[in-house]
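Presented below is the structure to which this report refers.
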Amino acid sequence: MTNLAVDLPGLRLKNPVMPASGCFGFGREYSDFYDLNKLGAVIMKAATGEARLGNATPRVAETASGMLNAIGLQNPGVEQIIASEVSFLEGYHVPVVANVAGSTIQEYVTVAEAFNKTPSVSALELNISCPNVKEGGIQFGSDPDMAAKVTEHVKAVSHLPVYVKLSPNTSDIVAMAKAVEQAGADGLSMINTLTGMQIHLASQKPTLANKTGGLSGQAIKPVAIRMIYAVKPHISIPIIGMGGIAEAEDVLEFMLAGASAVAVGTANFTNPYTCPEMINRLPGVLQQYGYESVQDAIGRGHNE
Amino acid sequence: MKERVDMTILSVKEIALDTMEMTLHHPYIAAAAKPGQFLYVLAEGHTLRRPISIASIDSEQETVTILFKIIGDGTRCLARLKPGMTLDTVGPSGNGFALQETSLQTALLIGGGIGVPPLYGLAHALHEQGVNVKTILGFQSKAHVFYKERFERIGQTYVVTDDGSLGHHGLVTDIVDEAGEFDYYFSCGPVPMLKAVTHQLQDQPGSISLEERMGCGTGACLACMIRDDSASGYKKICSDGPVFGANGVIL
């Protein structure tokens, strides 16, 4: 019997697969396709202090083996999310991770405090890497000092474990990881999207109304693997890996690079059943490569 | 309830310039689909599915027909599919036209380009309910025109083209007065056309169907938004729509 369970700070996962923030809403829509209890956990769409309406459309564009998005953190605000969305997810036996975003450190703190008062939230994911909003987000994610500062402030008000979601849009990912670990992060999420652009030939203008967007999907998987592999030896906190995961084999690849669990984003759009299908296939893939548990595979790609 | 299924392709035909008609067999989809809904189909090797509106439904044959324009790599890939192959589909998606308006005597349908197909299934359903259907169809040119004869078999049909190569030379809105009285209108087409139509008919009840680039196609990702006057300030085209009250959204 292959053991898929993983224990992370605040998260006792029955399997290591969870939908990534922003690609799954608050789970309602995908609950029409399958039982959310199959998932390791659910990472909710980013919450800000007040409701946000996001960017103009078009907000998505397909690329070779991936897609660009510039939603712009549209969400109904943290209080509304707690009232109507977290309460929906309480109906499932699945840990809930709340993704926290903001334009200022104070906004991150306000949102984090609200989720800390919500018993059914198990952990926070700090979104310091959204490339699609004018203020906040990525400005916290590209400078190690700023990233450490926002992490410290949120940690100071949070009894819930804090996972910091790192941006690949930085010249030194190891420095970023070390800075947030030192600031008290309980874990890392790696990676957010890569900033990109597509020009629509028919109009000869950028396809996205926001012009730039975040590149996700299978195209970015090697970037994610490289960054997790680079960071792993320098930190002692666990990594939730993400970036182009579409198959059970990808899950194992992320584990070998150093991830302790994974999040699946864009692949949910291609196939709404991606997560449960991946979870069903994972034991067979682990066995095929000689692993009896997920735990055994973590970081094994580093062995000489 | 939408499901992910493999639909069997029965036919693929080019019916007008760069415009493909594909008939697909699947018992569940054919039984569940309603005019105005769409199929969210996957072109092999692509990341995002394509939303394609349902043009007609044949419940006896258990088939659904979709029409799409070849505008890029994804639709080119779909156009190359052959009868006997399958198409990975999530559907029927979205909410169709509200057909319970049984009190309708006369409906005016206004379609532009690849916005015409969902109106065909609607015209058929309205006609079966005994509603008098009048249709205004706008196309770029004669080469782009499709389904003209089919609409003519259902009711009074006007064709306009941008270049005047068939029918009236001009815009669909030029014909609205000529089409005469109606109780309710339905429109689907490019946003500039919908803006003009809803402005011209602002005192008339009607429904419009919208198109947008979609991510998840199921209401989770918030890619295909349209602003409105509700408390939230928006609607999701994929799951709240694609059909909306003509004055219910801000185009």
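Every read-out reported here was derived from the displayed coordinates using simple, explicitly stated rules and does not represent laboratory data. None of these values were measured; they are calculated from a predicted model. Please note: Cβ atoms are built from the backbone with ideal geometry, for glycine as well, and neighbour counts cover all protein chains shown.
Go through A:LYS211/B:LYS13; B:LYS134/B:LYS195; B:LYS82/B:LYS195; A:LYS211/A:LYS232 and tell me which ones have a Cα-Cα distance over 27 Å in this structure.
On the way: A:LYS211/B:LYS13 36 Å; B:LYS134/B:LYS195 20 Å; B:LYS82/B:LYS195 38 Å; A:LYS211/A:LYS232 34 Å.
A:LYS211/B:LYS13; B:LYS82/B:LYS195; A:LYS211/A:LYS232, as the Cα separations exceed 27 Å there.
Pop a pseudo-label 7 angstrom from the Cα along the beta-carbon direction at both B:GLU178 and A:ARG12 and give the gap in nm to one decimal.
Distance between the two pseudo-spin positions: 7.4 nm.
I want to check the label-to-label distance for A:HIS159 and B:SER103. Put each point 7 Å from Cα in the C-beta direction and report it in nm to one decimal.
Label-label distance for A:HIS159 and B:SER103, simple model: 5.9 nm.
What ranking, highest mean first, results for peptides B:34-47, B:57-70 when packing means the other Cβ atoms within 10 Å averaged over each residue?
With the highest mean Cβ count within 10 Å placed first, the list reads B:34-47, B:57-70.
Set the bar at 23 Å for Cα to Cα. Now go through A:LYS45/A:LYS155; A:LYS149/A:LYS221; A:LYS205/B:LYS2 and name every pair that lies beyond it.
In this structure, A:LYS149/A:LYS221; A:LYS205/B:LYS2 lie more than 23 Å apart at Cα.
Pop the C-beta distance of A:TYR289 and B:TYR28 into the FRET formula with R0 = 56 Å and round what comes out to the nearest 0.05.
Efficiency at R0 = 56 Å is approximately 0.90.
Calculate how many DSSP beta bridges within the protein assembly as shown are antiparallel, expressed in % of all such bridges and rounded to the nearest 5.
On the way: 56 of 105 bridges.
Within the protein assembly as shown, antiparallel bridges account for around 55 percent of the total.
Across the residues of A:277-285, average count of Cβ atoms on other protein chains within 10 Å? Don't jump to the answer; show the numbers that get you there.
On the way: counts 0, 0, 0, 0, 0, 0, 0, 0, 0.
That works out to 0 on average.
Using the Cα centre of the protein assembly as shown as the reference point, and only Cβ charges (+1 on K/R, -1 on D/E), how large is the resulting charge dipole? Debye, rounded to the nearest 20.
With only Lys, Arg, Asp and Glu charged at Cβ, the dipole is about 740 debye.
Restricting things to alpha carbons, tell me how big region B:93-225 is in terms of Rg and Dmax, in Å.
Gyration radius and largest Cα-Cα distance of region B:93-225: 14.8, 43 Å.
Where does chain B land at 222 nm, in deg cm²/dmol rounded to the nearest 500, when only DSSP H runs of n ≥ 4 count, each adding -39500 (n - 2.57), divided by all residues?
Numbers: 6 runs with 46 residues, N = 251.
The per-residue figure over chain B is -5000 deg cm²/dmol.
Which whole number gives the average count of other chain Cβ atoms within 10 Å of the Cβ atoms across peptide A:107-117? Let's see the in-between values first.
Numbers: counts 0, 0, 0, 0, 0, 0, 0, 0, 0, 0, 0.
Across A:107-117, the average partner-chain Cβ count within 10 Å equals 0.
Set the Förster radius R0 to 25 Å, insert the Cβ-Cβ distance between A:THR2 and A:HIS302 as r into 1/(1 + (r/R0)^6), and round the FRET efficiency to 0.05.
0.70
Where Rh is the Kirkwood radius over the Cα pairs of region B:4-93, the temperature 4 °C and the viscosity 1.567 mPa s, what D in µm²/s does Stokes-Einstein return? Don't skip to the end; give the middle numbers.
Working: Rh = 12.7 Å.
Result for D is 102 µm²/s.
Once every DSSP H run of n ≥ 4 in chain A is given -39500 (n - 2.57) and the sum is divided by its residues, what mean residue ellipticity at 222 nm do you get, rounded to the nearest 500 deg cm²/dmol?
Roughly -8000 deg cm²/dmol at 222 nm, from the helical runs in chain A.
Let me know the mean shielding of A:55-68 by other chains, meaning the per-residue number of their Cβ atoms within 10 Å of its Cβ.
Mean shielding by partner chains, rounded to a whole number: 5.
Ranked highest first by average number of other Cβ atoms within 10 Å, how do A:41-48, B:72-79 line up? Show your work: numbers first, answer last.
On the way: A:41-48: 26.4, B:72-79: 17.0.
Packing order, densest peptide first, comes out as A:41-48, B:72-79.
Calculate the FRET efficiency for A:GLU249 and A:SER120 from the Cβ-Cβ distance with a Förster distance of 30 Å, rounded to the nearest 0.05.
Computed FRET efficiency for A:GLU249 and A:SER120: 0.35.
Taking a Cβ-Cβ separation under 4.7 Å as the criterion for a possible partner, which cysteines of chain B have none?
B:CYS77, B:CYS188, B:CYS224, B:CYS238
For the residue pair B:GLN200 and A:ILE199, what label-to-label distance in nm results when each label sits 7 Å from Cα along the Cα-to-beta-carbon direction?
Reported label-point gap for B:GLN200 and A:ILE199 is 3.7 nm.
Would you please put B:235-246, B:137-148 in order of how densely packed they are, using the mean number of other Cβ atoms within 10 angstrom per residue and starting with the highest?
So the order, starting with the most tightly packed, is B:235-246, B:137-148.
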